[in-house]
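Working notes, beginning with the structure itself.
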Amino acid sequence: MPNETLRHKGLRNKLVKELAAKGITDSKVLEAMNNVPRHLFMNQSLDPVIAYMDTAMDIGRMQTISRPFTVAFQTQLLDIGKKESVLEVGTGSGYQTAVLSYMKANVYTIERQQELFLSAKSLLHTLGYKAKCFFADGYQGLSAFAPFDRILVTCGAPQIPDALIQQLKVGGTMVIPIGEKQQTMYKIIKKSENSFEKLNFGDCKFVPMVEEKEIHF
Ligand code: SAH
């Protein structure tokens, strides 16, 4: 792996202990985060100590790499099994994608900003993560690959997008922050084609999920 030292491993291990102390209990999530090199998904000139602090960071194009606790918390809520198909909306840096791929999920990820899509796709492939990356609008989902066992939205949506709930398997789970300026984290369980259960997991803050019509390249 490029630019990976014992120091990075040590910092990662410390971060994972911190996440466990903050209430992350899923050992598969902790193991993935103990292995995925977060520093490679951020500006390489940053001090690695900063890359392994529990904070969100700017990744350019007004977007952020989510705070490690948020990645861990959303992944834990998803409760994924091996080989399950997971749709992620908001590839961003690709870090969350790498965590899901490390857990052997079959990951499809969508990003609407071309620069972020290209850099995340290339980095994920260089590092050997098998996720499939798409430059598209998350509001539409990916009907060609639906239905998905799990859907993870990593940007704040004003409401549950219709296409996404339709593309979720019956019995499947979606984790999504809902709200405009401030969001509430929800776990949605699809009970039947026409009904779902909505569980509230508290306040959170994400960059907005933007509709295709607003894209300016
Ligand atoms: N999972 C990311 C978090 C990125 S922040 C990580 O680990 O780094 C959220 C991302 O959602 C941003 O990159 C933003 O460009 C993207 N986004 C916002 N609206 C979107 C949409 N409609 N479709 C796809 N991606 C979107």
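Nothing in this text is a laboratory measurement; each read-out follows from the coordinates by a stated rule. Because the structure is predicted, anything quoted here is derived from the model rather than measured. Positions of Cβ are generated from backbone atoms using ideal geometry, with glycine treated the same way; all protein chains shown enter the neighbour counts.
At a threshold of 8 angstrom on Cα-Cα distance, excluding pairs fewer than six apart, so keeping six or more, what relative contact order does the chain reach in percent? Before the final figure, lay out each step's value.
Values: 417 pairs, mean separation 31.0, N = 217.
Computed value for the chain: 14 percent relative contact order.
Within the set of other residues whose C-beta is less than 10 Å from the C-beta of L124, count the net charge using Lys and Arg as +1 and Asp and Glu as -1.
On the way: positive: K121, K130, K132; negative: none.
Overall, the nearby charge balance is +3.
Could you list S45, S93 in order of exposure, starting from the residue whose Cβ has the fewest other Cβ atoms within 10 Å?
If I rank by nearby Cβ atoms, fewest first, I get S45, S93.
7 Å from Cα along Cα→Cβ at both T126 and Q182: what's the point-to-point distance in nm?
Reported label-point gap for T126 and Q182 is 4.0 nm.
Place a point 7 Å from Cα of V170 in the direction of its Cβ. Which residues in region 149-163 have their backbone N less than 19 Å from it?
Backbone N within reach: 149-151, 163.
Of the trypsin sites (Lys or Arg not before Pro) in region 1-50, which ones lie in a loop per DSSP and count no more than 15 other C-beta atoms within 10 Å?
Values: sites: R7, K9, R12, K14, K17, K22, K28, R38; in loops: K22.
Those satisfying the criteria are K22.
Can you tell me the 0 to 90 degree angle between the C-alpha axis of helix 6-21 and the longest principal axis of the chain, rounded to 10?
50
What aspartates and glutamates could a cross-link reach from K22, if we take a straight Cα to Cα line under 12 Å and drop same-chain neighbours fewer than 8 places away?
D54
Once you list every other residue whose beta carbon is under 9 Å from the beta carbon of P208, what net charge do they have if Lys and Arg are +1 and Asp and Glu are -1? Could you put the intermediate results ahead of the total?
Numbers: positive: K181; negative: E180.
Once positives and negatives cancel, what remains is 0.
Could you work out the local net charge near V170, counting Lys and Arg as +1, Asp and Glu as -1, over the other residues with Cβ closer than 10 Å to its Cβ? Intermediate values should be presented prior to the final figure.
Working: positive: K169, K190, K191; negative: E193.
So the environment of V170 carries a net charge of +2.
Which of T184, T97, T75 moves the most in a Gaussian network model of the chain with Cα springs under 10 Å?
T184
Find how much the distance from D162 to N43 grows on full extension, using 0.36 nm per residue of separation minus their present alpha carbon separation; answer in nm with one decimal.
On the way: separation 119, 0.36 × 119 = 42.84 nm, distance 3.52 nm.
The D162-N43 span can extend by a further 39.3 nm.
Compare G94, G23, G172 in a GNM of the chain, Cα atoms joined below 10 Å, and give the one with the largest fluctuation.
So, out of G94, G23, G172, the one fluctuating most is G23.
Which entries in the list K28/K190; K104/K181; K17/K82; K17/K190; K130/K169; K121/K191 go over 31 Å, if you measure between the two C-alpha atoms of each? Present the calculation step by step, with values, prior to reporting the outcome.
Numbers: K28/K190 24 Å; K104/K181 33 Å; K17/K82 24 Å; K17/K190 33 Å; K130/K169 22 Å; K121/K191 33 Å.
Correct reply: K104/K181; K17/K190; K121/K191.
Taking the dipole about the Cα centre of region 6-214, with the C-beta of Lys and Arg at +1 and of Asp and Glu at -1, give me whichever of G156, A72, V175 is farthest to the positive side.
Toward the positive end, the furthest listed residue is A72.
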